[in-house]
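The values are calculated or read from the model by the stated rules, or taken from the named source; none is laboratory data. Keep in mind it's a predicted model, so treat the numbers as computed, not measured. Virtual Cβ from ideal backbone geometry, glycine too; neighbours counted across all protein chains shown. Side chains included, ligands, DNA and RNA excluded: accessible areas come from the protein's heavy atoms. Shrake-Rupley method; radii C 1.70, N 1.55, O 1.52, S 1.80 Å.
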Amino acid sequence: MDYNGGSIIVMGGKNCFAIASDLRFGIDNFTVEKKAPKIFKINEKLFIGMIGLFGDISTIRQILDYKTSIYSLKKSEKIKPFGFSNMLSNLLYHHRFAPFLVETIIAGLDEKNNLFIESKDILGAKSASSDYATIGTCSESLYGICQIFWKPDMNGEELFKTISNCLILGLNRNCVSGWGGIVHLVSKKGVTSKLIQTRMD
Amino acid sequence: MDTIISLNGKGFGISAIDTLSFKSFLITKNNLNKFIEIGKNKFLAVSGYPGDVIQFTDFLQKTIQLYTLKTGLSLSTRSVANCIRKELSDCLRKSPLNINLTLIGFDKIYGSSLYFIDYLGTLQRMNYCIQGHSSLILSSFLDRYYKKEMNLAETLNILKKCSDIIKTRFL
């Protein structure tokens, strides 16, 4: 996980969620690019974030694009978070003995606008949470930081401030993640995306 | 390991690569051409083990030419980059190829684009990139002196300064 670097936080609020990642792409300790977000949109209310080997991230993203398109053509409806999560776990475990070296996090709102946050390890083991989840190189310290700052039932603006603060604090002490951050705020009204300034090193 | 320096200029992309071919410590050829053209508006600068390079790039060049002949459509740079990435990614877990490439292409809609492709199947679109061991030395120089939308003379100047630095500081 430390080879290419990166960190992602997901936080849940009142019928909304925010997902934030850093923008660094590096090879070991050398920074190659500073504009590489690791969050991808599946549909208006479903986002996936991935940390690990960049090649495997692209491969998984292309496979998931294909599978969700086939699903929406066959069923004439968008895929729901629970089904998408099962599909991803299946895909990851399918390569049990030559796994994709990627940790993933899924954040979505289902039809009733209830929160769905799930993080997975490289073999697809699920870990659902109702408040926040983090993956990446500074995930341990981010868990501690989020525990202090997260409050239940935050609205969009409070959630944005909290998640930005947590991301900045976490990235300050970690050299393999950083170079700016991007935050997507998703509620039933739509998606707002903002870039945040962090320590640029 | 070879060095590839690539820059995006105003409506064009430029790349410099060294022309040495070596076998452990012996230099066997010093005018080897390591650029491969794909279609009319794209080219690849490739570095890596010579056997793997020739095998992979031949396959790629001919596959894309076959696609163009079959369908009559020309592929955009982004499609070619993703095609190359997928091939490398598939090879990674079967028979890994130690090849690093930079793809530079020009499309009428997007202008010129530069893609960095790693031997692990990493794909990243960038404005300037350096591959090889001299990336550690030259990246900071390009961070300072690269500007967007440079003309040909300015980019040639930068490439000349880069080669001077390599001659001083690199084996």
> Any idea of the total accessible area buried by the A-B contact, 1.4 Å probe, rounded to 100 Å²?
Replying inline: 1400
> Roughly how crowded by other chains is peptide A:57-64, in terms of the mean Cβ count from those chains within 10 Å of each of its Cβ atoms?
Replying inline: 3
>> Below 15 Å, Cα to Cα, which aspartates and glutamates can B:K167 reach? Residues fewer than 8 away in the same chain don't count.
In response: B:D2, B:D18
> Please report, for the Cα atoms of segment A:87-152, the Rg to one decimal and the Dmax as a whole number; what are they, in angstrom?
Replying inline: 13.5, 40
> Among B:57-67, A:48-58, how do they line up from the highest to the lowest mean number of other beta-carbon atoms within 10 Å?
Replying inline: A:48-58, B:57-67
>> Suppose each label sits 7 Å from its Cα in the direction of the beta carbon; what would the B:E37-A:Y3 distance come out to in nanometres?
In response: 3.6
>> Ignoring solvent entirely, what values of log10 I(q)/I(0) come out of the Debye formula for chain A at 0.10, 0.14, 0.16 Å⁻¹ when each Cα is a single scatterer?
In response: -0.37, -0.75, -0.99
> ³J(HN,Hα) across segment B:15-30 via Karplus (A = 6.51, B = -1.76, C = 1.60, θ = phi - 60°), whole Hz, x for Gly/Pro?
Replying inline: 9, 10, 9, 6, 10, 7, 10, 9, 10, 6, 9, 9, 8, 8, 8, 10
> Taking Cα centroids, how far is segment B:26-88 from segment A:116-193 in Å?
Replying inline: 40
> Of the GluC sites (Glu not before Pro) in segment A:73-161, which ones lie in a loop per DSSP and count no more than 15 other C-beta atoms within 10 Å?
Replying inline: A:E77, A:E111
> In chain B, which whole DSSP H runs stretch at least 30 Å along their own axis (Cα) and average -1.0 or higher on the Kyte-Doolittle scale?
Replying inline: B:50-71
> Short version: ³J(HN,Hα) in whole Hz for each residue of segment B:117-132, in order, from phi by Karplus 6.51 cos²θ - 1.76 cosθ + 1.60 (θ = phi - 60°), x for Gly and Pro, what are they?
Replying inline: 10, 9, 6, 8, x, 7, 10, 8, 8, 9, 8, 8, 8, 10, 10, x
> Shielding of B:36-49 by partners, i.e. mean partner chain Cβ atoms within 10 Å per residue?
Replying inline: 0
>> Highest mean first, how do A:133-139, B:81-87 rank when packing is the count of other Cβ atoms within 10 Å averaged over residues?
In response: A:133-139, B:81-87
>> Given contacts defined as C-alpha pairs under 8 Å and at least six residues apart, what's the relative contact order of chain A, whole-number percent?
In response: 30
>> From the mean inverse distance of alpha carbon pairs (Kirkwood) and the Cα radius of gyration, derive Rg over Rh for the protein assembly as shown.
In response: 1.00
> So which lysines can B:K34 reach, going by Cα to Cα under 18 Å and dropping same-chain residues fewer than 8 places off?
Replying inline: B:K23, B:K42, B:K62
>> Pairs of alpha-carbon atoms within less than 8 angstrom and 6+ residues apart define the contacts here; what relative contact order does chain B have, in percent?
In response: 28
> So if we plug the beta-carbon distance of B:K29 and A:K194 into 1/(1 + (r/R0)^6) with R0 = 51 Å, what FRET efficiency do we get, rounded to 0.05?
Replying inline: 0.45
>> For a test of the definition: using alpha carbon positions, the gyration tensor, and the 1.5 limit on a/c, classify segment B:1-78 as rounded, prolate or oblate.
In response: oblate
> What average number of partner chain Cβ atoms lie no more than 10 Å from the Cβ of the residues making up A:21-32?
Replying inline: 2
> For segment B:86-171, taking Cα atoms only, what is the radius of gyration to one decimal and the Dmax to the nearest whole Å?
Replying inline: 15.2, 44
> Hey, how much of the P(r) for chain B falls beyond 24 Å, as a percent of Cα pairs?
Replying inline: 36
> For A:K14, which lysines qualify as cross-link partners when the Cα separation must be under 21 Å and same-chain residues fewer than eight apart are set aside?
Replying inline: A:K41, A:K45, A:K80, A:K112, A:K151, A:K161, A:K188, A:K189, A:K194
> Based on DSSP H runs of at least 4 residues, each adding -39500 (n - 2.57), what is the mean residue ellipticity at 222 nm of the protein assembly as shown after dividing by all its residues, to the nearest 500 deg cm²/dmol?
Replying inline: -11500 deg cm²/dmol
